[in-house]
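K.L.:
This is the structure, below, for whatever I ask next.
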There are 2 protein chains.
Amino acid sequence: MRVVRPKLSKLLSFIEEKGLDGAVVVGISNVQYFTGFRGGGAILVASREGATLLVPQLEYSKASADAVGVEVRPYYRYPVPGITMPGLIEGTWLDAVAKVVEEYGLSRLGANISSIPYGEAAKLKEKLGDRLALDLSSDISRMRSIKEDDEVEAMVAAARVAEAGLRAAVDALAEGMGEVELAGVVEEAMRRAGAEEYSFPTIVAFEENAAYPHTSPTGRRLGKGEVVLIDLGARLHGYCSDITRTMAFGQLPERSREIAEAVLEAQLAGIDAIAPGVKAEEPDAAARSILEKRGLAKYFIHSLGHGVGIDVHEAPRLSRASEEELEPGMVVTVEPGVYVAGAVGVRIEDMVLVTKKGRRLLTSFERNLF
Amino acid sequence: MRVVRPKLSKLLSFIEEKGLDGAVVVGISNVQYFTGFRGGGAILVASREGATLLVPQLEYSKASADAVGVEVRPYYRYPVPGITMPGLIEGTWLDAVAKVVEEYGLSRLGANISSIPYGEAAKLKEKLGDRLALDLSSDISRMRSIKEDDEVEAMVAAARVAEAGLRAAVDALAEGMGEVELAGVVEEAMRRAGAEEYSFPTIVAFEENAAYPHTSPTGRRLGKGEVVLIDLGARLHGYCSDITRTMAFGQLPERSREIAEAVLEAQLAGIDAIAPGVKAEEPDAAARSILEKRGLAKYFIHSLGHGVGIDVHEAPRLSRASEEELEPGMVVTVEPGVYVAGAVGVRIEDMVLVTKKGRRLLTSFERNLF
């Protein structure tokens with residue numbers, strides 16, 4: 001069952017619009033976006049003449065099953081003798097791109113060159129020479145930032161899976177439980193709910209460990225009156241979810257509860273500030289000013305949120321450094337946090353769709369768990 | 001408890017040896033290798049004058065706790081007002097690197113430039129100008145490929161965690177169980193055994209899905225007489241494990257059992273071919289020739305194995321394209337596979353340490369499960 005239709009037509013329209021005759025697209029998530037196939041080492045060569053998906057030999061059968069609207073051709077530096085894959089190209093991915101560009105007769109190309117590691121990018125530039133007319137990195141990132149309905153549907157389904165993980169955590173909390181153990185419970189519930197993969201390594205952090213915005217679960221055991229921070233996400237239908245909840249185990253001390261209440265208030269202010277036409281820095285400022293009033297702003301040491309889609313971090317960014325403007329179809333996280341080093345941390349995160357009239361929450365799990 | 005001592009001294013010796021006065025190192029795993037801190041956006045500037053670890057503001061407290069032998073300084077484009085982190089640098093990571101290089105007075109630098117995305121690498125080259133004398137990418141990759149005893153110890157511990165996952169799978173197999181469900185069981189067992197993270201997204205594939213070398217678990221349900229392929233790994237003490245087993249659920253049909261036996265025989269031949277001084281292509285050839293005799297070589301569509309360490313895929317590669325030579329301290333996977341599209345797939349994978357006299361298996365789970 002394919003929930004999301006690959007967006008190759010968006011790329012072809014863009015090619016047309018820019019007066020190009022083709023595009024070379026690399027990157028696992030970009031290639032998934034345009035073709036429906038997710039796998040390492042795949043490169044898309046798209047043109048008005050047709051589109052070819054180049055894949056390493058070992059990905060050929062999966063790519064043939066999953067990709068839509070493209071001819072799939074394997075490449076391999078030393079093909080296996082006796083192999084029967086049609087259209088096999090002997091050589092590196094660079095050789096394969098050059099060959100297909102030649103076959104299509106393309107002379108004015110775009111490529112998302114600035115996303116490729118320098119060593120490989122330099123070789124691709126050399127191969128394509130004057131034919132390379134445009135860096136597509138930011139254009140593709142912009143395309144991907146505006147979600148269509150089928151993409152939103154996939155992300156809502158992925159959010160439900162993450163919420164199954166949170167539900168399992170609420171039910172499982174017990175004195176003496178380790179962070180790693182709780183991570184296992186949470187992930188097992190996400191798998192039972194159908195998770196294809198995790199959006200990112202699950203974070204489970206107790207009390208002072210929650211003061212690290214990014215950390216891995218450890219053997220740290222849970223005690224009464226401590227904070228439990230869980231930041232988790234699942235990939236479903238190729239799209240990511242990303243949610244954080246901070247819950248109390250037993251009765252929190254006054255200071256922790258005050259912080260948690262302030263973070264929740266800041267989050268609601270951030271969400272309320274989201275609307276089409278709004279600058280991406282404004283929700284960040286709205287949340288930050290709530291924390292400022294409580295004297296907690298100096299502990300909010302990251303930006304408010306980020307776009308989510310095929311990647312868990314993509315455009316736009318909700319930060320003070322952001323020059324973007326929110327548009328209908330964007331899906332962003334809103335995740336203020338307060339991190340008091342050595343003491344305690346709190347973060348609350350939801351996913352929000354920018355709509356034509358305002359915003360819509362894609363996540364629905366109870367927030368006040370303290 | 002720190003199992004692995006960071007390897008900064010290796011970098012400093014290298015700087016000395018090459019007549020450089022400093023190095024700029026990027027990449028999450030490279031930075032972990034030299035400093036002990038694993039986190040996004042970190043950059044190491046090492047020199048004879050001292051070493052500085054630059055981290056985004058949100059990673060400051062974790063980096064300060066984890067990093068060894070370096071001064072930790074946060075950078076941020078718009079620092080939070082009232083923040084109290086010492087040594088904060090206002091600006092991008094590029095600004096921060098330029099500032100520290102200036103402060104140390106470095107004039108002849110190495111940097112692993114070819115690993116950085118082209119867009120950023122071009123900016124770094126511009127910032128460093130003539131001071132950039134050497135691309136360190138392959139040198140660092142080579143350093144990391146030779147493991148010291150403490151690294152091997154971490155990997156053995158990580159292998160035990162993965163084996164706990166396999167044990168749970170053997171115990172849990174049941175008719176009608178879904179691939180995703182079994183993945184949850186396996187991962188939950190790895191978490192209970194202490195997994196900090198997974199080395200890569202766990203693969204659980206039944207029968208015809210096992211014919212895709214790379215795939216994500218689906219809702220596909222297990223039937224009697226089918227193959228169960230599980231490829232899994234955990235990160236422990238910052239180092240990865242990577243193991244694959246193919247097991248039978250019930251009695252396999254003759255053809256599947258023949259394939260599994262051939263893959264096992266090929267794997268043993270590949271392992272036996274590993275020794276110091278051997279070309280990295282030889283174990284691949286040894287395994288391939290066994291499959292050739294059974295008429296199965298055309299289904300072995302990837303290379304025999306890869307180095308493992310902080311990253312699950314690192315140097316060296318055991319492939320026909322490899323020009324490397326095996327050396328004591330290298331840890332590689334040996335993982336032949338046979339993939340009959342639409343029908344069945346089998347892969348068996350272990351981790352092998354190259355020793356002074358030969359080889360040592362780091363994994364110990366029963367292989368013949370069919």
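The values are calculated or read from the model by the stated rules, or taken from the named source; none is laboratory data. Everything quoted here is computed from the prediction, not taken from an experiment. Cβ atoms come from the backbone with ideal geometry, glycine included; neighbour counts cover every protein chain shown.
K.L.:
Do we have any residue at all in the stretch A:138-155 that's within 13 Å of chain B (Cβ to nearest Cβ), within 30 Å of A:GLY19 (Cα to Cα) and of a type in the set (Ser, Thr, Tyr)?
P.N.:
Yes; the residues of the stretch A:138-155 include at least one that is within 13 Å of chain B (Cβ to nearest Cβ), within 30 Å of A:GLY19 (Cα to Cα) and of a type in the set (Ser, Thr, Tyr).
K.L.:
Going by the conditions given, is B:GLY129 among the small types (Gly, Ala, Ser), more than 30 Å from the chain's Cα centre (by Cα) and either in a helix (DSSP H, G or I) or not assigned by TED's automatic domain parsing to the domain that holds B:ILE28 (or both)?
P.N.:
In short, yes.
K.L.:
Filtering the stretch A:301-336 down to residues that are of a type in the set (Val, Ile, Thr) and within 14 Å of another protein chain (Cβ to nearest Cβ), which residue is nearest to A:VAL31 (Cα to Cα)?
P.N.:
Of the residues in the stretch A:301-336, the ones of a type in the set (Val, Ile, Thr) are A:301, A:308, A:310, A:312, A:331-334.
From the residues that got through so far, the ones that are within 14 Å of another protein chain (Cβ to nearest Cβ) too are A:301, A:310, A:312.
On the way: A:ILE301: 33, A:ILE310: 10, A:VAL312: 16 Å.
Selected residue: A:ILE310.
K.L.:
For B:GLY87, all conditions in the list (1) more than 30 Å from the chain's Cα centre (by Cα); (2) away from chain A (no Cβ under 14 Å); (3) under 23 Å from B:GLY129 (Cα atoms); (4) of a type in the set (Gly, Ala, Ser) hold save one; what is the number of the exception?
P.N.:
Only one criterion is unmet by B:GLY87, namely (3).
K.L.:
For the stretch A:95-112, enumerate the residues that are farther than 18 Å from A:GLY19 by Cα and within 14 Å of chain B (Cβ to nearest Cβ). Walk me through it before giving the result.
P.N.:
Within the stretch A:95-112, the first condition is being farther than 18 Å from A:GLY19 by Cα, and the residues that meet it are A:95-100, A:102-103.
The answer is A:ASP95, and nothing else.
K.L.:
I'd like to verify a number: residues in the stretch B:1-31 that are surrounded by fewer than 16 Cβ atoms within 10 Å (Cβ to Cβ), over 19 Å from B:ALA154 (Cβ atoms) and not basic (Lys, Arg), how many?
P.N.:
Summing the residues that are surrounded by fewer than 16 Cβ atoms within 10 Å (Cβ to Cβ), over 19 Å from B:ALA154 (Cβ atoms) and not basic (Lys, Arg) in the stretch B:1-31 gives 4.
K.L.:
Moving on to the next point. Look at B:VAL228 and say whether it is more than 8 Å from chain A (Cβ to nearest Cβ) and more than 21 Å from the chain's Cα centre (by Cα).
P.N.:
Working: more than 8 Å from chain A (Cβ to nearest Cβ): yes; more than 21 Å from the chain's Cα centre (by Cα): yes.
Against the criterion (more than 8 Å from chain A (Cβ to nearest Cβ) and more than 21 Å from the chain's Cα centre (by Cα)), B:VAL228 qualifies.
K.L.:
Moving on to the next point. Restricting the search to the stretch A:24-44, which residues are within 20 Å of A:ASP150 (Cα to Cα) and touching a residue at least 24 places away in the same chain (Cβ under 8 Å)?
P.N.:
Residues satisfying the conditions are A:SER29, A:ASN30, A:GLN32, A:TYR33, A:PHE34, A:THR35, A:GLY36, A:PHE37, A:ARG38.
K.L.:
Could you look through the stretch B:274-297, keep only residues that are of a type in the set (D, E, K, R) and surrounded by 18 or more Cβ atoms within 10 Å (Cβ to Cβ), and pick out the one that is farthest from the other protein chains (Cβ to nearest Cβ)?
P.N.:
In the first step, residues of the stretch B:274-297 are kept if they are of a type in the set (D, E, K, R); the result is B:279, B:281-282, B:284, B:288, B:292-294.
Going one step further and asking which of them are surrounded by 18 or more Cβ atoms within 10 Å (Cβ to Cβ), we end up with B:281-282, B:284, B:288.
Working: B:GLU281: 9, B:GLU282: 14, B:ASP284: 10, B:ARG288: 8 Å.
It comes out as B:GLU282.
K.L.:
Please find, within the stretch A:96-116, the residue that is surrounded by the fewest Cβ atoms within 10 Å (Cβ to Cβ) out of those that are in contact with a strand residue (DSSP E or B) (Cβ under 7 Å, 6 or more places away or on another chain) and either over 16 Å from A:ALA51 (Cβ atoms) or free of Cβ contacts under 8 Å to residues at least 24 places away in the same chain (or both). Don't jump to the end; show me each part of the working.
P.N.:
Going residue by residue through the stretch A:96-116, those that are in contact with a strand residue (DSSP E or B) (Cβ under 7 Å, 6 or more places away or on another chain) are A:96-97, A:99-101, A:104, A:106, A:108-116.
This time we only want the ones that are either over 16 Å from A:ALA51 (Cβ atoms) or free of Cβ contacts under 8 Å to residues at least 24 places away in the same chain (or both), so: A:99, A:108, A:113-116.
Details: A:LYS99: 19, A:ARG108: 15, A:ILE113: 22, A:SER114: 18, A:SER115: 21, A:ILE116: 22.
It comes out as A:ARG108.
K.L.:
Identify, please: which residue in the stretch B:340-370 is in contact with a Leu (Cβ under 8 Å, 6 or more places away or on another chain) and within 12 Å of another protein chain (Cβ to nearest Cβ) and is, among those, nearest to B:VAL161 (Cα to Cα)?
P.N.:
B:ARG347
K.L.:
Select from the stretch B:32-51 the residues that are closer than 12 Å to B:LYS7 by Cβ and within 14 Å of another protein chain (Cβ to nearest Cβ) and write down the one among them that is surrounded by the most Cβ atoms within 10 Å (Cβ to Cβ).
P.N.:
Going through the qualifying residues, I end up with B:GLN32.
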